[in-house]
1. Please list 3J(HN,Hα) in residue order for segment 11-26, calculated via the Karplus relation 6.51 cos²θ - 1.76 cosθ + 1.60 where θ = phi - 60°; whole Hz, with x for glycine and proline.
2. Considering the values [x] 20; [y] 15; [z] 11, which represents percent of Cα pairs over 45 Å apart as calculated for the structure under consideration?
3. Work out, step by step, the length gained on full extension between Leu512 and Thr202: first 0.36 nm times the residue separation, then minus their alpha carbon distance; give nm to one decimal.
4. Treating cross-link reach as a plain straight distance, find the lysines whose alpha-carbon is under 30 Å from the alpha-carbon of Lys156, omitting any fewer than eight places away in the same chain.
5. Could you work out the Rg to Rh ratio of segment 310-351, with Rh taken as the Kirkwood radius (inverse of the mean 1/r over all Cα pairs)?
6. If the label point is 7 Å along Cα→Cβ of Thr480, which residues in segment 392-418 have backbone nitrogen under 20 Å from it?
7. Nearest 0.05, what FRET efficiency do Val47 and Ile106 give at R0 = 22 Å with Cβ-Cβ as r?
8. Could you pull out the trypsin sites (Lys or Arg not before Pro) across segment 259-360 that fall in loop regions by DSSP (anything but H, G, I, E, B) with no more than 15 other Cβ atoms inside 10 Å?
Amino acid sequence: MNDATSTRLTLFNFWVAFGAFGLACFFGMYQVLERSGLFAFLQSPAVYFASVSTHGVLMAFVLTTFFIMGFGYYTAAHSLGQPVWNPRLAWTGYGVCVGGVVLAAIPLLLGKASVLYTFYPPIQANVFFYIGATLLVVGSWFWCAIMLVMLARWKKDHPGETVPLPMFATVANALLWLWTSLGVALESVFQLLPWALGLTDTIDVGLARTLFAWTLHPIVYFWLIPAYIALYCYVPQAAGGKLFSDVLARTAFVLILVLGLPIGFHHLYMDPEQAVGWKFLHMVGTFAVAIPTLLTGFTVIASLELAGRRQGGAGLFGWIGALPWKNPMVLAAILSLLMLVLGGFGGIVNASYAMNAMVHNTAWVPGHFHLIFAGTVVTMYLAIAYQLWPRLVGRKLYSEDLPLVQLWGWFIGMVVMTTPWHILGLLGQPRRISAVQYNSVLTLSWDPYESLMVIGGFILLVSACQFVYILYKTQTAGETLEAEPAAADDAVRPPPAWLNGFTLWNRVILVLMVLSYGYPILQFFVLKTYNPSAWGY
């Protein structure tokens, strides 16, 4: 379906998303240069932490939120075959999000909100940062509401029919975001904003960190689900085959939704405000959420094998060479899965209650995080852009070869940059510091890895600039694209009812969230763990 409203909404959201992405990469390059200690003239703790905070917000909140909203509008309109419900509400949400970004950007760029993208108290940002972040979240809820209404209206008009897989996953993501963003919303409205406005003199840091943990890890799956949608819905067709199993795909999305929410305490292993038993419970849940990742890896690789063998690949591994490696979507899928395997190994270490102590707050953590987010997630975002941009602007992709060079560059740069971080973490280099010049014999072993980190950062910056250039040239100088016939969906066996809706799963989530966060949050009020009067307030 060619819906002009969904096209405009997608484009406007993508422009903000990829503009933030390009800007964030320049901040990232400055950070690796400054942190390396190789360029003394760049060293400035104030500038460094302002840069880190802006880079993190642009990547983790702006790129992701606007990309997911834009991709969601496109997916809903085209998979359901209906226009976007209530365009005025959609544009209002977009405006609220943009306004929030502008408000948050001002103190970030002025160095008045150098609190990193996690903005943990007791470090305090300017109040406009908190207002802007809150508006970004609230604006995204408009998108969530539109996705839910569009699904409900479609199911009413198509009783008993199977919800298209892309829309099923998109709604799962909207529900996940509504559930998980509630934690940071409560923290912001009832703690951070009153504190920043001077209405309260102090803040319960333990409660704030607990509420943010509610959001901190599930947000990773909010970022990841669009990448999984592409892996399940775009990659098999691009490879010349079909999806191995629709039921396994739906099961994976449901498991991500249900298991990905109540596991935030593995970010609080070293914090005293939660008991060991609650941390252990969340650790078990964290390992369980590896199941949908394994299902995804199996299903996508099986789909690729089907495509490779359909195109003549023989023998045990012959199908790999038979795949269309020159297709950006296929190449991105292979590279992103490789980084998912590497990053997933690091995630197992981070999630382990005992092993986490070895790497906690070391350079290992950003190494793992960048492999999963900037590696797996962003790589698939780039591939989705290459897939959709010609359809959005009505022009052919500017170059067939440059996207492949760009994707390989992003992969190589990410591996070159994050591998030293993992090693430096094991060598004891801390994270969240602005420089590593300790002038000790122990830190001499860090030097070669710092140089590699800089090389990887430079490769990534070049790749990011190539990506923005490709999109710009496609929109302004690409050849006119002829209308493509709609691809016929492969007929699938109707899934069971519990894989065709979310009523049951919302009830399950409610129970799990009460069990996981009920007492850990109530304890701050029941046990009076926080008493401002004891400090003279």
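Bear in mind these aren't lab numbers, they're just calculated from the coordinates by the rules spelled out. Every value quoted in this text rests on a predicted model; they were computed, and no experiment measured them. Reconstructed Cβ throughout: ideal geometry from the backbone, glycine too, with neighbour counts over all protein chains shown.
1. Once rounded to whole Hz, the list reads 4, 5, 5, 5, 4, 5, 4, 7, x, 4, 4, x, 5, 4, 5, 5.
2. Label [z] holds the value from this structure.
3. Gain on extension, Leu512 to Thr202, equals 108.5 nm.
4. Result set, ordered by chain and number: Lys242.
5. 1.16
6. 392-399
7. According to the calculation, E is roughly 0.85.
8. Details: sites: Lys279, Arg309, Arg310, Lys326; in loops: Lys326.
For trypsin sites (Lys or Arg not before Pro) across segment 259-360 that sit outside H, G, I, E and B with at most 15 neighbouring Cβ atoms in 10 Å, the list reads Lys326.
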